[in-house]
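Everything below concerns the one structure shown next.
The values are calculated or read from the model by the stated rules, or taken from the named source; none is laboratory data. If you're wondering where the values come from, they're calculated on a predicted model, not measured in any experiment. Here the Cβ is made from the backbone with ideal geometry for all residues, glycine too, and neighbour counts use every protein chain on show.
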Amino acid sequence: MQKHSFTFKLDPAQQKRLLDLLQNSNVRPVQIPYTQIAADAEQCRIALYTSGKCVIQGKGAQDWVLYQLEPLVLLNAEMGYQQVHDPSISQPHMGIDESGKGDFFGPLVIAAAYVDDQLVRVFEEMGVRDSKTISSDKKAEAMAASLRSQLGQRFAIVTIGPRAYNRLYASMKNVNAMLAWGHARAIENLLEKVPDCPRAVADQFGPKRQIEQALMKNGRSIELHQRPKAESDPAVAAASILARAGFLHALRKMGETYNIKIPKGASPQVREVATQIVEDRGPKVLLDVAKCHFRTADAVLEAANRSRSDLGPEGAAVSKSFTRKGS
């Protein structure tokens, strides 16, 4: 079934290319509030909003995205059209992605999702794409619920809570090694549900052998592919949405536990909330709520007139592995 509505979040360079394209194309300008430009093309309408959101709607929307937006504005093939250039994305395989790696609070969540030709078509209709391009947390969580419904048991989620994260980091002393371990566990867990899955696709964050070495007996036979911008693969895009939803759920539960809204990222607001929690609960609480190798931990402890030694032996172990490469 052909899709008639598409939404993209464009960066400044992409917005400029779209403006140039529409201003120099045989399209009819139309007036739509809050847009930088809007125009009617053959059987579709294109609107670029001041927020950077681009909406293409109409019977001809799919063709316009495929033959105009992707090659001339996005400069890459998005999920749903990449299969024209790479038929393997419709063949049975799983994708793996993570959420929470750059966030001071909360867990590291790794998800794996299975796809085949039928699911790829369903995901295209749903508008499944890299979760980083979905600006609304509410929308990402709603899409994750739909994905779980469509996938049934054909997905796996590995959640490494802050306490376990800090323990693993102290032992492994490397975030990529932890990611490889988590990716391997997600692959193994999904293979228990889909044992004949032949291939796994993941974003490239380190040497492929890191994941391969972390795989146990059941996963040793799977064909593993790592590549940059793997989120264009429908299985990886689905995994990214499932992982993000799992991370957001964990932050909400943490907020309920500590009676405070837990923010994402590693911003000044994050430091303020972390400092308040430390002042209320003591410095060791950081081991239960945060990734303590982040530089943010030092700023929080300093603001609360504390030091890493106040985290106790477990905190000291994380401190020994602390490097200036942390967020």
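In contact with a Phe, Trp or Tyr (Cβ under 9 Å, 6 or more places away or on another chain), of a type in the set (S, T, N, Q) and either assigned to a helix (DSSP H, G or I) or modelled with pLDDT of 95 or more (or both): does that describe Thr296? Spelling it out, Thr296 is indeed in contact with a Phe, Trp or Tyr (Cβ under 9 Å, 6 or more places away or on another chain), of a type in the set (S, T, N, Q) and either assigned to a helix (DSSP H, G or I) or modelled with pLDDT of 95 or more (or both). Only a single criterion out of (1) closer than 30 Å to Ala317 by Cα; (2) crowded, with 17+ Cβ neighbours inside 10 Å is not satisfied by Lys173, namely (2). Within the bounds of region 193-208, is there any residue that is part of a helix (DSSP H, G or I) and aromatic (Phe, Trp, Tyr)? Within region 193-208, none of the residues are part of a helix (DSSP H, G or I) and aromatic (Phe, Trp, Tyr).
What residue, of Gly265, Gly246, is part of a loop (DSSP other than H, G, I, E, B) and closer than 22 Å to Met143 by Cβ?
Exactly one residue qualifies, and that residue is Gly265.
Gln153 meets each of the listed conditions (1) assigned to a helix (DSSP H, G or I); (2) more than 30 Å from Gln14 (Cα to Cα) apart from (1). When restricted to residues that are assigned to a loop (DSSP other than H, G, I, E, B) and in contact with a Gly (Cβ under 7 Å, 6 or more places away or on another chain), region 273-293 contains 2.
To keep it simple, each residue is scored yes or no on (1) out of contact with any Leu (no Cβ under 8 Å at 6 or more places or on another chain); (2) of a type in the set (Ser, Thr, Tyr).
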{"position": "Ala245", "(1), (2)": "yes, no"}
{"position": "Asn259", "(1), (2)": "yes, no"}
{"position": "Val273", "(1), (2)": "yes, no"}
{"position": "Asp288", "(1), (2)": "yes, no"}
{"position": "Thr296", "(1), (2)": "yes, yes"}
{"position": "Ala304", "(1), (2)": "yes, no"}
{"position": "Arg308", "(1), (2)": "no, no"}
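For Gly152, indicate whether it is modelled with pLDDT of 95 or more, in contact with a helix residue (DSSP H, G or I) (Cβ under 8 Å, 6 or more places away or on another chain), surrounded by fewer than 19 Cβ atoms within 10 Å (Cβ to Cβ) and small (Gly, Ala, Ser). The answer is no for Gly152.
Applying the set (1) under 25 Å from Glu141 (Cα atoms); (2) part of a helix (DSSP H, G or I) to Ala177 leaves exactly one unmet item: (1). Here Ala164 does not fit the description of being buried (at least 16 other Cβ atoms within 10 Å of the Cβ) and part of a helix (DSSP H, G or I). Residue pairs whose Cβ atoms lie under 6 Å apart, sitting 6 or more positions apart in sequence or on different chains, and linking a residue in region 155-166 that is under 16 Å from Ala184 (Cβ atoms) and outside the structural domain of Gly100 (by TED's automatic domain parsing) to a partner that is at pLDDT 95 or above and crowded, with 23+ Cβ neighbours inside 10 Å, do not occur here.
If you go through region 261-313 and keep only what is touching a residue at least 24 places away in the same chain (Cβ under 8 Å), more than 22 Å from Leu168 (Cα to Cα) and acidic (Asp, Glu), you end up with just Glu279.
Scanning region 167-177 for residues that are in contact with a strand residue (DSSP E or B) (Cβ under 9 Å, 6 or more places away or on another chain) and touching a residue at least 40 places away in the same chain (Cβ under 8 Å) gives a single hit, Val175. When region 183-216 is filtered for residues that are buried (at least 24 other Cβ atoms within 10 Å of the Cβ) and not aliphatic (A, V, I, L, M), only His183 remains.
The residue of region 96-138 that is modelled with the highest pLDDT, among those that are buried (at least 24 other Cβ atoms within 10 Å of the Cβ) and among the polar types (S, T, N, Q), is Ser99.
Let's see how each residue does on (1) within 16 Å of the chain's Cα centre (by Cα); (2) among the basic types (Lys, Arg):
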position: Arg185; (1), (2): no, yes
position: Glu192; (1), (2): no, no
position: Ser232; (1), (2): yes, no
position: Ala243; (1), (2): yes, no
position: Met254; (1), (2): no, no
position: Ile262; (1), (2): no, no
position: Ser267; (1), (2): no, no
position: Val270; (1), (2): no, no
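Of all residues in region 164-199, those that are at pLDDT 95 or above and among the acidic types (Asp, Glu) total 0.
Annotation: Ser221 fulfils all but one of (1) free of Cβ contacts under 8 Å to residues at least 12 places away in the same chain; (2) of a type in the set (Gly, Ala, Ser); (3) touching a Leu at 6+ places or on another chain (Cβ under 8 Å); the unmet one is (3).
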